[in-house]
Amino acid sequence: MPVSITEALDIIYTNSSVVSSEILPVEMALGRVMSEDSIATFDLPRFNNSAMDGYAVKCSDANNTVECTDVIYAGDDPKMTLQATKAIKIMTGAPIPEGCEAVIPIENVTVNDTQITLPEEIKKDGHIRHAGEDIKSGAVYLHKGEKVTAYSIALLASQGVTHLRVSRKIKVAVFGTGDELRPHFEKIAPHQLYNSNTPMFLARAKELGCEVHYIGSSGDTMESLESAIRSSLDADIIITSGGISMGDRDFTKEAFANLGMTLHFDKVDIKPGKPTAFGTIGETVVINLPGNPLASMVNYEMFVRAAIRKMSGMNAYYHDTISTKIKEDFTLRAGKHTVRLGTYDGKTFMPFTKQLPGMISPLEQANAMLVTLPDVSILEKGTSVKILPISWELASYEKEDFFTR
């Protein structure tokens with residue numbers, strides 16, 4: 001019996017373990033997932049400082065003319081104390097001197113040599129950035145399970161952090177089955193086909209931040225399949241395509257079973273891509289995808305991407321959706337949970353009118369997909385739908401209902 005899409009995802013989440021961690025310089029941790037919380041060791045800002053170029057003043061001197069003979073620059077360590085009837089010129093980011101109650105921007109005063117005429121009203125603490133107003137010492141400022149971005153690195157650098165513990169890259173091994181499938185760099189006979197799935201799987205795994213290993217086509221004999229599998233067992237994820245339907249020479253599931261794989265499901269109630277299988281050999285996840293390129297791509301985005309998110313240690317590993325509307329009337333065959341590729345323009349989504357399991361051109365054109373329930377046969381223009389992004393990352397901390405009804 002095929003499992004449902006949600007059942008398949010639950011099985012994948014349950015049986016996919018987070019990979020081990022490593023320590024990297026923060027500059028090399030971009031795109032990795034935090035393996036532990038980062039806790040501030042000091043306030044940010046570390047000291048009270050000026051938010052503007054201007055004058056450090058006292059509130060009691062509002063609407064008066066004061067004298068200014070000193071200046072404080074960013075990076076200075078001022079020792080003076082501000083007195084009444086005095087002002088101190090101060091630059092953005094410079095430490096606030098003792099006795100200062102506010103900073104008046106330079107454009108709000110009148111300057112006549114050392115004489116500074118202040119505005120009628122001075123707001124206490126105006127234009128002063130206080131120590132710890134951004135991050136307090138002892139606060140968690142980056143959490144375990146968050147992906148490191150350029151802006152995460154800015155935070156880490158502001159705390160003087162040089163190295164970070166993150167999840168290591170997930171190792172993905174990919175090979176195709178079938179004597180008729182040849183690498184794209186070889187010449188082929190008229191009865192043969194190029195293997196487009198394997199380079200696609202490798203490239204997509206790289207896009208998703210994985211380390212990849214190319215095994216190549218393994219052929220349709222038990223011996224060649226088992227040899228390819230053995231060479232892949234140091235990987236975290238093994239991806240195959242083809243060899244899992246009803247043909248007489250489809251040995252893939254049997255070959256994996258011979259090497260100790262626990263098969264968790266071998267069919268999914270999804271169109272296209274019903275013959276998708278998921279198993280484990282120890283900590284290694286095995287995902288067998290359909291041989292047809294479009295069907296394998298759809299199931300890669302649905303199931304392999306989910307496994308990669310979970311194994312990377314991300315807290316937000318569930319599929320998330322964008323709510324939008326159908327651009328034009330669209331009819332589809334009811335009766336199955338159906339995935340339709342299409343394009344999202346930021347306002348509406350339009351599924352492709354022509355989508356067959358063996359096609360390749362829609363893969364490059366699609367930037368999102370929708371999943372319809374079996375009773376959906378028409379989506380009228382303006383109908384609200386949920387789409388799963390392909391071209392960008394969108395994940396949820398909680399399980400989402402991503403079906404269009």
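The values are calculated or read from the model by the stated rules, or taken from the named source; none is laboratory data. Keep in mind the model is a prediction, meaning the values are calculated, not measured. As a convention, Cβ positions derive from the backbone with ideal geometry for all residues, glycine included, and neighbour counts pool all protein chains shown.
Numerical summary
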read-out: Residue match in the range 242-259 (condition: touching a Phe, Trp or Tyr at 6+ places or on another chain (Cβ under 9 Å) and at pLDDT 95 or above); value: no
read-out: Entirely in the range 232-342, the strands (runs of 3 or more DSSP E) that have 1 or more residues that are under 30 Å from Gly382 (Cα atoms); value: 322-326
read-out: Identity of the residue in the range 263-282, of a type in the set (Gly, Ala, Ser) and under 26 Å from the mean Cα position of the chain (by Cα), that ends up nearest to Val3 (Cα to Cα); value: Ala277
read-out: Test result for Ile116, among the hydrophobic types (A, V, I, L, M, F, W, C) and in contact with a strand residue (DSSP E or B) (Cβ under 7 Å, 6 or more places away or on another chain); value: yes
read-out: Contacts under 6 angstrom Cβ, first residue in the range 81-100 being charged (D, E, K, R), partner not in a loop (DSSP other than H, G, I, E, B), 6 or more apart; value: Lys86/Val66; Lys86/Glu67; Lys89/Tyr55; Lys89/Cys68; Lys89/Val71; Glu98/Thr81
read-out: Residues of the range 119-168 satisfying the condition of being under 19 Å from Gly313 (Cα atoms) and of a type in the set (Val, Ile, Thr); value: Val140, Val148, Thr149, Ile153, Val166
read-out: Criterion (buried (at least 20 other Cβ atoms within 10 Å of the Cβ), in the same structural domain as Phe201 (by TED's automatic domain parsing), in contact (Cβ under 8 Å) with a residue 60 or more places away in the chain and under 27 Å from the mean Cα position of the chain (by Cα)) met by exactly one of Val285, Val339; value: Val285
read-out: Qualifying position, being small (Gly, Ala, Ser) and touching a Gly at 6+ places or on another chain (Cβ under 6 Å), among Gly335, Gly291, Gly282; value: Gly291
read-out: Options Pro374, Pro362; residue that is more than 26 Å from Asn195 (Cα to Cα) and outside the structural domain of Phe201 (by TED's automatic domain parsing); value: Pro374
read-out: Unique residue being assigned by TED's automatic domain parsing to the domain that holds Leu225 and within 25 Å of the chain's Cα centre (by Cα) when the list is Ala154, Ala173, Ala189, Ala150; value: Ala173
read-out: Search result, residues across the range 145-160 that are in contact (Cβ under 8 Å) with a residue 40 or more places away in the chain and surrounded by fewer than 16 Cβ atoms within 10 Å (Cβ to Cβ); value: Thr149, Ala150, Ala157, Gly160
